[in-house]
Amino acid sequence: MSWTPPIKFMTRPVVVLGAGVLGRRIACTWISAGYDVNVRDPNEEQRSQCLQYVEQNRDMYAERTSARRMGELRVFEDLETALIRPWLVIEAVPEVLKLKVATFATLDALTPQDCILCTNSSSYKSSQMISEVSEPTKRRILNMHYYMPPKAMVVELMTDGFTEEAIFPFLVERLKETAALPYVARKESSGFIFNRLWAAVKREVLTILSEGVSVPEEIDSIWDEVFLKAKGLPCKMMDDVGLDTVAFIEHHYIDERGLSSKSTVDYLQANYLELGKLGTKSKAGGLYPPGYQVEGENGATSFSSSSLFVLDVGLSAKEPSNTTGAILRLDTNGENLKTVLSGQSMPDGIDIDRSLGRMFWTSMGMPGAQDGAVYSANLDGTDVRTLLSSGIINTPKQLCLDTQDQKVYFSDREGCAVYRCNYDGSVLEALVRTGSSEQPVNVMDWCVGIAISPFRGKFYWTQKGPSKGGKGRIFCGDLASPPLTSGRKPICIIDGLPEPIDLGIDEAKGTLYWTDRGEIPFGNSLNSILLDTIDMEDQSQPPKLQILTRHFREAIGLSLDTKSNHIFVSDLSGFIYSYNITTGEKRSVFADSHRALTGIAVL
């Protein structure tokens, strides 16, 4: 049976065991993200200091997050009382292995079966703490190692050898809500990731000092110049130097010091050099795959070998008209802009079937007139085919594809409907009708965004409401039995949004993303929600959404690039942005004031 997130975790507390220096900081991070937190510590003074620290510092933590509310803190002396229905427990008790083993045995007995159990230990693997827990519980135990919030927001996650794989992406998303920077160790490792790096640096620094090669102030000064001021990154530096050169240098150290070559030269030779992967100078890449480049002040990694197809609606052209729209192609770093097709009538939504090498797009025509259309073409703009010609639909907006069943899904704004049809335009089917297409006077009925989840058998669409009106909604229906044919009422999963537009789904992570072009502070943003946290039966408890990044300029299209873990967003001011899901970095990759960009797709 596949792992599912804790039931209604948004309404259940996070429990921190230990109110010490780190425990109270961990509590503050979760409170700032809107989660209620129970802190348990048998020491009254520690509990008092925890309350004082959170009261004095929670606003500072909250400035880093996008939560709409602050969570509540409660402190407990009694463990069992603190452990009432938690969805996450983080132990930060003293670094005594016997105590940690006993703690997890107690948690096994007292916590719900869907509760995730973590140790903040920096010196012990979680696999060393599970000797007295049941076999099923081992699958929900892991290391969650914090450094020192708020100064260092890095959190490292690591398996106990049995941990369900699906827990890691779930926790990564939750940690990002707290403004943490999560990293996942791919396998068990004493010291996780950073502490192993730091251990190697410490050993070599002490060796330099012991041999009299340098003095502390010079070592720190040269480190500051090369790694801090110049933002030197170890893997990037090796790629730039050349992995063949790196191997040659390591050979010298091996011969001089009598070291083993297994994890250095032999590893490079078998995994990189023999495959022609020599680094930046090689078309085959190196430690980084070809096409990756490190940019930005924080050294975030971005993928640049893919292409973007983006629609220019034509409204910002020097001489705008109903046929000044275009389909553009450019690299994901914003370079090599080309016009694939021009003379388009208000193009708005686009998606690509990579296996067929074809793109599909909508043209709105004149908004409000029954003259919208849907087309497809080869990626170079040849072999243009009309799926739905002018006169059949009203104002088709965002579009997505079901590549397995070869279906096109799109929303019709003034038509107040959601449609699907075959790749050739046949079997046009209205899945939803939200109002009258003859008199579309109620903007609350206008459908705009569309996304499908074949894995869940669902489709999702946005009804944006009045411009920047705070009445936007996202709905859900069944693919197999859509509302119009089944008679089932569509389910509104989120309401009260500023003005939601385009949608996108990461099936692997179970995450729904959307752009919102409404008013600040919550509009003109990129947002997400975990689909498995939506209770389709009980709508009384609104799901917890996350604002990933803000300050777009009339945000419209979005496209997921799962292989690079990026989201690309286009806006009506002529900007394209990339958002790094891992680091949270947003940056502009393209800008042209003579363009008004709508739909976007990554190839």
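Based on this model, can you work out whether residue 225 counts as within 25 Å of residue 61 (Cα to Cα) and assigned to a helix (DSSP H, G or I)? Outline the logic, then answer.
On the way: within 25 Å of residue 61 (Cα to Cα): no; assigned to a helix (DSSP H, G or I): yes.
Answer is no for this residue.
Anything in the stretch 185-200 that is under 14 Å from residue 125 (Cα atoms), of a type in the set (A, V, I, L, M) and surrounded by fewer than 16 Cβ atoms within 10 Å (Cβ to Cβ)? List them, or say none.
none
Consider residue 116 against the criteria (1) within 19 Å of residue 10 (Cβ to Cβ); (2) touching a helix residue (DSSP H, G or I) at 6+ places or on another chain (Cβ under 7 Å); (3) surrounded by fewer than 16 Cβ atoms within 10 Å (Cβ to Cβ): it satisfies all of them except one. Which criterion is unmet?
In the conditions (1) within 19 Å of residue 10 (Cβ to Cβ); (2) touching a helix residue (DSSP H, G or I) at 6+ places or on another chain (Cβ under 7 Å); (3) surrounded by fewer than 16 Cβ atoms within 10 Å (Cβ to Cβ), residue 116 misses (3) alone.
Condition test on residue 29, is it under 28 Å from residue 123 (Cβ atoms), assigned by TED's automatic domain parsing to the domain that holds residue 130 and among the hydroxyl-bearing types (Ser, Thr, Tyr)? Outline the logic, then answer.
Working: under 28 Å from residue 123 (Cβ atoms): yes; assigned by TED's automatic domain parsing to the domain that holds residue 130: yes; among the hydroxyl-bearing types (Ser, Thr, Tyr): yes.
Against the criterion (under 28 Å from residue 123 (Cβ atoms), assigned by TED's automatic domain parsing to the domain that holds residue 130 and among the hydroxyl-bearing types (Ser, Thr, Tyr)), residue 29 qualifies.
Contact list please: Cβ distance under 9 Å, first residue in the stretch 345-363 and within 13 Å of residue 309 (Cα to Cα) and at pLDDT 95 or above, second residue of a type in the set (Phe, Trp, Tyr) and assigned to a loop (DSSP other than H, G, I, E, B), pairs at least six apart or on different chains.
Every condition considered, the pairs that remain are 360/423.
Quick check on my filter: what residues within the stretch 261-284 are over 10 Å from residue 243 (Cβ atoms) and buried (at least 16 other Cβ atoms within 10 Å of the Cβ)?
261, 264, 265
Can you name every residue in the stretch 7-34 that is within 11 Å of residue 178 (Cα to Cα) and of a type outside the set (A, V, I, L, M, F, W, C)? It would help to see each step written out before you state the result.
Narrowing the stretch 7-34 to residues within 11 Å of residue 178 (Cα to Cα): 26-34.
Once the filter is applied, which keeps residues that are within 11 Å of residue 178 (Cα to Cα) and of a type outside the set (A, V, I, L, M, F, W, C), the stretch 7-34 yields 29, 32, 34.
Please list, ordered by residue number, the strands (runs of 3 or more DSSP E) wholly in the stretch 347-398 having 2 or more residues that are crowded, with 21+ Cβ neighbours inside 10 Å and among the small types (Gly, Ala, Ser).
372-378
Among all residue pairs at least 6 apart or on different chains, which show Cβ distances below 8 Å where the first residue, located in the stretch 71-89, is of a type in the set (S, T, N, Q) and the second is in a loop (DSSP other than H, G, I, E, B)?
Hits for this filter: zero, empty list.
Condition first: touching a strand residue (DSSP E or B) at 6+ places or on another chain (Cβ under 6 Å), in a strand (DSSP E or B) and modelled with pLDDT of 95 or more. Can you find one or more residues in the stretch 21-38 that meet it?
Yes, the stretch 21-38 contains at least one residue that is touching a strand residue (DSSP E or B) at 6+ places or on another chain (Cβ under 6 Å), in a strand (DSSP E or B) and modelled with pLDDT of 95 or more.
Can you confirm whether residue 152 is touching a residue at least 40 places away in the same chain (Cβ under 8 Å), under 25 Å from residue 565 (Cα atoms) and surrounded by fewer than 19 Cβ atoms within 10 Å (Cβ to Cβ)?
No: the conditions fail for residue 152.
From the list 397, 407, which one is assigned by TED's automatic domain parsing to the domain that holds residue 372, in contact with a Gly (Cβ under 6 Å, 6 or more places away or on another chain) and among the basic types (Lys, Arg)?
Values: 407 fails: in contact with a Gly (Cβ under 6 Å, 6 or more places away or on another chain).
Going through 397, 407 in turn, the sole match is 397.
Criterion first (out of contact with any Phe, Trp or Tyr (no Cβ under 6 Å at 6 or more places or on another chain) and over 30 Å from residue 43 (Cα atoms)) does residue 95 satisfy it? Write out each step before concluding.
Values: out of contact with any Phe, Trp or Tyr (no Cβ under 6 Å at 6 or more places or on another chain): yes; over 30 Å from residue 43 (Cα atoms): no.
Considered against the rule, which asks whether it is out of contact with any Phe, Trp or Tyr (no Cβ under 6 Å at 6 or more places or on another chain) and over 30 Å from residue 43 (Cα atoms), residue 95 comes out as no.
Would you please name the residue that is farthest from residue 388 (Cα to Cα), looking only at residues in the stretch 410-430 that are polar (S, T, N, Q) and not in a loop (DSSP other than H, G, I, E, B)? Break it down into steps so the answer makes sense when it comes.
Residues of the stretch 410-430 that are polar (S, T, N, Q), as a first pass: 411, 422, 426.
Adding the requirement that they be not in a loop (DSSP other than H, G, I, E, B) leaves 411, 422.
Numbers: 411: 13, 422: 10 Å.
For the stretch 410-430, the residue satisfying everything is 411.
Out of all the residues in the stretch 8-20, which are at pLDDT 95 or above and in a loop (DSSP other than H, G, I, E, B)? Steps first, please.
Here is the first cut: in the stretch 8-20, the residues at pLDDT 95 or above are 12-19.
Of everything in the stretch 8-20, those that are at pLDDT 95 or above and in a loop (DSSP other than H, G, I, E, B) turn out to be 12, 13, 18, 19.
Looking at (1) farther than 30 Å from residue 521 by Cβ; (2) touching an Asp or Glu at 6+ places or on another chain (Cβ under 8 Å); (3) among the hydroxyl-bearing types (Ser, Thr, Tyr), can you tell me which one residue 389 breaks?
Result: residue 389 fails condition (2) only.
Please work out if residue 316 is surrounded by fewer than 18 Cβ atoms within 10 Å (Cβ to Cβ), modelled with pLDDT under 90 and over 23 Å from residue 370 (Cα atoms).
Working: surrounded by fewer than 18 Cβ atoms within 10 Å (Cβ to Cβ): yes; modelled with pLDDT under 90: yes; over 23 Å from residue 370 (Cα atoms): yes.
Considered against the rule, which asks whether it is surrounded by fewer than 18 Cβ atoms within 10 Å (Cβ to Cβ), modelled with pLDDT under 90 and over 23 Å from residue 370 (Cα atoms), residue 316 comes out as yes.
Residue 69 versus (1) part of a helix (DSSP H, G or I); (2) exposed (fewer than 14 other Cβ atoms within 10 Å of the Cβ); (3) at pLDDT below 95: which is the lone unmet condition?
Of everything listed in (1) part of a helix (DSSP H, G or I); (2) exposed (fewer than 14 other Cβ atoms within 10 Å of the Cβ); (3) at pLDDT below 95, residue 69 misses just condition (1).
Taking only the stretch 182-226 into account, find how many residues are among the hydroxyl-bearing types (Ser, Thr, Tyr) and more than 26 Å from residue 582 (Cα to Cα). Can you show your working first?
We begin by selecting, within the stretch 182-226, every residue among the hydroxyl-bearing types (Ser, Thr, Tyr); these are 183, 189-190, 207, 210, 214, 221.
Then keep just the ones that are more than 26 Å from residue 582 (Cα to Cα); that gives 207, 210, 214, 221.
Result for the stretch 182-226: 4.
For the structure I just gave you, tell me whether residue 420 is buried (at least 21 other Cβ atoms within 10 Å of the Cβ) and farther than 17 Å from residue 603 by Cα.
Numbers: buried (at least 21 other Cβ atoms within 10 Å of the Cβ): yes; farther than 17 Å from residue 603 by Cα: yes.
Answer is yes for this residue.
If you check 488, 550, which single one turns out to be out of contact with any Lys or Arg (no Cβ under 9 Å at 6 or more places or on another chain) and surrounded by fewer than 19 Cβ atoms within 10 Å (Cβ to Cβ)?
Numbers: 550 fails: out of contact with any Lys or Arg (no Cβ under 9 Å at 6 or more places or on another chain).
Exactly one residue qualifies, and that residue is 488.
For the stretch 450-560, please list each of the strands (runs of 3 or more DSSP E) lying entirely inside it that holds at least 1 residues being farther than 26 Å from residue 361 by Cα and in contact (Cβ under 8 Å) with a residue 40 or more places away in the chain.
Values: elements: 458-463, 472-478, 491-497, 500-506, 511-516, 525-530, 546-549.
By residue number, 491-497, 525-530, 546-549.
Of these, 529, 520, 567, which one is among the β-branched types (Val, Ile, Thr) and either at positive phi or more than 18 Å from the chain's Cα centre (by Cα) (or both)? Can you show your working first?
Details: 529 fails: either at positive phi or more than 18 Å from the chain's Cα centre (by Cα) (or both); 567 fails: either at positive phi or more than 18 Å from the chain's Cα centre (by Cα) (or both).
Of 529, 520, 567, the one residue that is among the β-branched types (Val, Ile, Thr) and either at positive phi or more than 18 Å from the chain's Cα centre (by Cα) (or both) is 520.
Across the stretch 24-66, what is the total count of residues that are more than 30 Å from the chain's Cα centre (by Cα) and surrounded by fewer than 22 Cβ atoms within 10 Å (Cβ to Cβ)? Don't jump to the end; show me each part of the working.
If we filter the stretch 24-66 for residues that are more than 30 Å from the chain's Cα centre (by Cα), which is where we start, we get 40-53, 55-56.
If we keep only those that are surrounded by fewer than 22 Cβ atoms within 10 Å (Cβ to Cβ) too, we end up with 42-49, 51-53, 55-56.
So the count comes out to 13.
Would you point out which residue out of 433, 354, 385, 420 is of a type in the set (Lys, Arg), within 21 Å of residue 561 (Cα to Cα) and out of contact with any Pro (no Cβ under 8 Å at 6 or more places or on another chain)? Explain how you work it out, then say what you get.
Working: 433 fails: within 21 Å of residue 561 (Cα to Cα); 385 fails: within 21 Å of residue 561 (Cα to Cα); 420 fails: within 21 Å of residue 561 (Cα to Cα).
Among 433, 354, 385, 420, only 354 is of a type in the set (Lys, Arg), within 21 Å of residue 561 (Cα to Cα) and out of contact with any Pro (no Cβ under 8 Å at 6 or more places or on another chain).
The values are calculated or read from the model by the stated rules, or taken from the named source; none is laboratory data. What you see is a predicted model, and the numbers here were worked out from it, not measured in a lab. Here Cβ is always computed from backbone atoms with ideal geometry, including for glycine, and neighbour counts include all displayed protein chains.
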